[in-house]
Amino acid sequence: TEKEIPCLWFNYEVSPEEFFERFGEKVPYFFLPRKLKNSSIEWVKHRILEGVAKFNTKVIFLDHLHFLLDMNDLAKAKNVSLLIGMLMRDLKRIALETKTIIFLVSHMKKNQLEKTPTTEDLRDSSFVAQESDIVMMMWRHKEKNSESPTGYIYTNESRIIISKNRRTGKLGYVKLLLKYGRFTELTENNYG
């Protein structure tokens, strides 16, 4: 039996309707703010505190990092990496103060298709990996294809790569298979 853990989602990239559609009929137990406010870590902190107080929230999902940054601040910044570093420290402090786990989506730089990504491929700042306890990277498997304009095509196989693990130090990856719009762990029984 699955244990329902109260979660709070900050999903900036799609509408709530589209977000719910992606789960299909089995929507997990979570909360969403009624309205989202971009570029305000203080607003996010207050919503997390509210979630902990009202719903006993234990896990927070933030999708994605760059929506928490003010574009005007980014335009004026002499060092974007330091801005992101300050934001990462704020998120770490919030997680520690509220005793919650924060999953933060951070995009990668455009990397070469033929190489497995590393923490150095995280966009805009090394602070994303430095301040995180665990870094998981999702990487879609591709194979050579002479008919494709890029020379590659993506397959239904992906990997979640654990590229940093401050708690145990254990690194590695899990193979996933995209089937019927859902990722499942790839085993010999479900391949094909």
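Looking across segment 111-159, the residues that are open to solvent by 50 Å² or more (accessible area, probe 1.4 Å), within 30 Å of residue 94 (Cβ to Cβ) and part of a loop (DSSP other than H, G, I, E, B) come down to 118, 123, 124, 126, 133.
Would you please name the residue that is surrounded by the most Cβ atoms within 10 Å (Cβ to Cβ), looking only at residues in segment 72-87 that are closer than 10 Å to residue 125 by Cα and not β-branched (Val, Ile, Thr)? Ranking the candidates gives 83 first. Hey, any hits in segment 96-104 for a residue that's touching a strand residue (DSSP E or B) at 6+ places or on another chain (Cβ under 8 Å), of a type in the set (A, V, I, L, M, F, W, C), at pLDDT 90 or above and under 16 Å from residue 123 (Cβ atoms)? Yes, some residue in segment 96-104 is touching a strand residue (DSSP E or B) at 6+ places or on another chain (Cβ under 8 Å), of a type in the set (A, V, I, L, M, F, W, C), at pLDDT 90 or above and under 16 Å from residue 123 (Cβ atoms). Every condition in (1) more than 30 Å from residue 179 (Cβ to Cβ); (2) open to solvent by less than 70 Å² (accessible area, probe 1.4 Å); (3) within 18 Å of the chain's Cα centre (by Cα); (4) at pLDDT below 90 is met by residue 28 except one, and the failing one is (1). Could you list all residues from segment 160-192 that are within 19 Å of residue 108 (Cα to Cα) and surrounded by fewer than 11 Cβ atoms within 10 Å (Cβ to Cβ)? Residue satisfying the conditions is 172 alone. Residues in segment 36-60 that are touching a Pro at 6+ places or on another chain (Cβ under 8 Å), open to solvent by less than 80 Å² (accessible area, probe 1.4 Å) and either part of a helix (DSSP H, G or I) or closer than 23 Å to residue 73 by Cβ (or both): 47, 51. Here residue 19 meets each of (1) open to solvent by less than 40 Å² (accessible area, probe 1.4 Å); (2) in contact with a strand residue (DSSP E or B) (Cβ under 7 Å, 6 or more places away or on another chain); (3) assigned to a loop (DSSP other than H, G, I, E, B) with one exception, condition (3).
The values are calculated or read from the model by the stated rules, or taken from the named source; none is laboratory data. Note that the coordinates shown come from a computational prediction; the quantities given were computed from them, not determined experimentally. In this analysis, Cβ positions are derived from the backbone assuming ideal geometry, glycine residues included, and neighbour counts consider all displayed protein chains. Side chains included, ligands, DNA and RNA excluded: accessible areas come from the protein's heavy atoms. Shrake-Rupley method; radii C 1.70, N 1.55, O 1.52, S 1.80 Å.
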